[in-house]
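Chemist: Submitted below is the structure of interest, expressed as structure tokens.
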Amino acid sequence: MAKLKGAIVVDTERCKGCQLCIIACPKNVIAMAGKVNLHGYPYVAAANEEACVGCASCGIVCPDGCITVYRKKVEE
């Protein structure tokens, strides 16, 4: 049985730090990065990447479309 492994990429220059993706993530993969982008907004980053299952909840709730979700099947 193949297992899904996910990964997210955050466009940090478009992120405004609304934190909706942090709330939406069921695996607590996303956290605030503690830095600001060129526009002065704090942004999010993948803090627990190995826990990502590729559910895309973060990408769906992002109002600015800053998150791209990738999925791949991993054989056990």
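Chemist: How large, in percent, is the carbon and sulfur part of the accessible surface of the chain at a probe radius of 1.4 Å?
Modeler: 55
Chemist: If you take Kirkwood radius over Cα pairs in Å from the coordinates, which of (1) 12.5; (2) 12.0; (3) 13.8 do you get?
Modeler: Of the labelled values, this structure produces (1).
Chemist: Cross-link candidates for residue 3: which lysines have Cα within less than 28 Å, leaving aside residues fewer than 8 places away along the same chain?
Modeler: Hits, sequence-local ones excluded: 27, 72, 73.
Chemist: Okay, moving on. Could you sort 60, 22 by accessible area so the largest value comes first, with the probe set to 1.4 Å?
Modeler: 60, 22
The values are calculated or read from the model by the stated rules, or taken from the named source; none is laboratory data. Values in this document were obtained by computation on a predicted structure and should not be read as measured data. Heavy atoms of the whole protein, side chains included, go into the accessibility calculation; ligands, DNA and RNA do not. Shrake-Rupley method; radii C 1.70, N 1.55, O 1.52, S 1.80 Å.
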